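Please read the structure below before turning to the comments.
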Amino acid sequence: MKKIKVHYIGLILLMLFSASISAKPNKAEKAGWKLGVQTYTFHKFSFQEAIDKAKELGLSYAEVYYGQPLGKDIEGKMDFRMDKETQKTVLAYAKSKGVKIIASGVVACKDEAEWKQLFEFASAMGIEIITCEPDYKHLKYVDELANQYKIDVAIHNHPKPSAYWSPELFLDAVKGLSNRIGACADVGHWKRMGIEPVTALKMYEGRLKSLHFKDIKGKVEGEKEQHDVIWGAGVCDVESILKELKRQNFKGLFSIEYEYNWENSVPDIKQCISYFTTTTNRLF
């Protein structure tokens, strides 16, 4: 009987030890790298389903996109104009799954009144980063709001004809603005535009707030699309990108934006996360 008790005690201690190890943050997390998901990855699903998938993936952060249906239990769509009760319901659902809504976008507002409404929404929701592509004429006002509400702005680089598709365009536009105004680097869009991500990230040093992180397929003659692939399997040289971010002592959000296998992308994303964890644990 005593031997059986000792055996069970040993098993319990082993389980507790294993749990304590798995609960520890990996090296990237300790360095201030936050791995989350841009919910556009799951745009064929509702916000609630996207948060469920984030939980399934073990992710603690989400960047929400505007226009996503909220779900069967919440009327409406993700919108910075939503009423306060809906805001509370949305936050409560994310919290119940252990997911923080840390960022939102990509958004462009039509006038100063909309920009103010957006920042008021972000403040109420505890959002730390607004991912956007403002008209040049609104940049100074956006800078004022960013400092007033203490929320970072991350300007995104959609491909041409976006006003910020190249690093030079972004850097010229933000000259003289405060350090609240930074960049959300979409490394896949850069690569599609013929811009090497590592080179562009070096130009962004000191202005980088977040990333839309991805790897993409190489060009194939006769194919128009360079779709997303599992990280490390494409042409973005993901490891070199991670090394450059480590060199910069970057601290911030990596939003997984996986734009392929839309109906069943979770298995692919699990492999991306595994690559990220293995690589960063080796780099740090």
Filter segment 202-248 down to residues that are aliphatic (A, V, I, L, M) and touching a Lys or Arg at 6+ places or on another chain (Cβ under 7 Å) and give me whichever is surrounded by the fewest Cβ atoms within 10 Å (Cβ to Cβ). 235
Among the residues of segment 124-132, is any in contact (Cβ under 8 Å) with a residue 40 or more places away in the chain, in a helix (DSSP H, G or I) and within 25 Å of residue 95 (Cβ to Cβ)? yes
All but one of (1) surrounded by fewer than 17 Cβ atoms within 10 Å (Cβ to Cβ); (2) in contact (Cβ under 8 Å) with a residue 40 or more places away in the chain; (3) over 15 Å from residue 29 (Cβ atoms) hold for residue 283, so report the exception by its number. (3)
Pairs only if they're at least six apart or on different chains, beta carbon under 8 angstrom, first in segment 254-270 and under 8 Å from residue 41 (Cα atoms), second among the small types (Gly, Ala, Ser) and not in a helix (DSSP H, G or I); list them, first residue then second. 256/36; 258/265
With the condition kept exactly as written, say whether any residue in segment 186-209 is within 16 Å of the chain's Cα centre (by Cα), part of a strand (DSSP E or B) and of a type in the set (Gly, Ala, Ser). no
Does residue 74 satisfy the criteria of being over 16 Å from the mean Cα position of the chain (by Cα), among the β-branched types (Val, Ile, Thr) and surrounded by 15 or more Cβ atoms within 10 Å (Cβ to Cβ)? yes
So, in segment 146-199, exactly how many residues are polar (S, T, N, Q) and closer than 30 Å to residue 233 by Cβ? 4
Tell me, please, whether a residue that is in contact with a Pro (Cβ under 8 Å, 6 or more places away or on another chain), modelled with pLDDT of 95 or more and outside any loop (DSSP other than H, G, I, E, B) can be found in segment 214-227. no
Subset of segment 121-152 (residues that are within 12 Å of residue 173 (Cβ to Cβ) and either acidic (Asp, Glu) or touching an Asp or Glu at 6+ places or on another chain (Cβ under 8 Å) (or both)): 133, 135, 138, 143
Could you please let me know if residue 204 is closer than 23 Å to residue 239 by Cα and among the aromatic types (Phe, Trp, Tyr)? yes
Can you pull out the residues in segment 168-181 that are out of contact with any helix residue (DSSP H, G or I) (no Cβ under 8 Å at 6 or more places or on another chain), not polar (S, T, N, Q) and not in a helix (DSSP H, G or I)? 175, 176
Of the residues in segment 170-191, those that are closer than 25 Å to residue 260 by Cβ, without any contact (Cβ under 8 Å) to a residue 60 or more places away in the chain and in contact with a strand residue (DSSP E or B) (Cβ under 7 Å, 6 or more places away or on another chain) number 4
Just need a number here: residues in segment 134-167 that are free of Cβ contacts under 8 Å to residues at least 24 places away in the same chain and not in a loop (DSSP other than H, G, I, E, B). 2
Could you look through segment 72-106, keep only residues that are among the small types (Gly, Ala, Ser) and touching a residue at least 40 places away in the same chain (Cβ under 8 Å), and pick out the one that is farthest from residue 125 (Cα to Cα)? 98
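The values are calculated or read from the model by the stated rules, or taken from the named source; none is laboratory data. Predicted model, so just to flag it, every value in this text is computed and none were measured. Here Cβ is always computed from backbone atoms with ideal geometry, including for glycine, and neighbour counts include all displayed protein chains.
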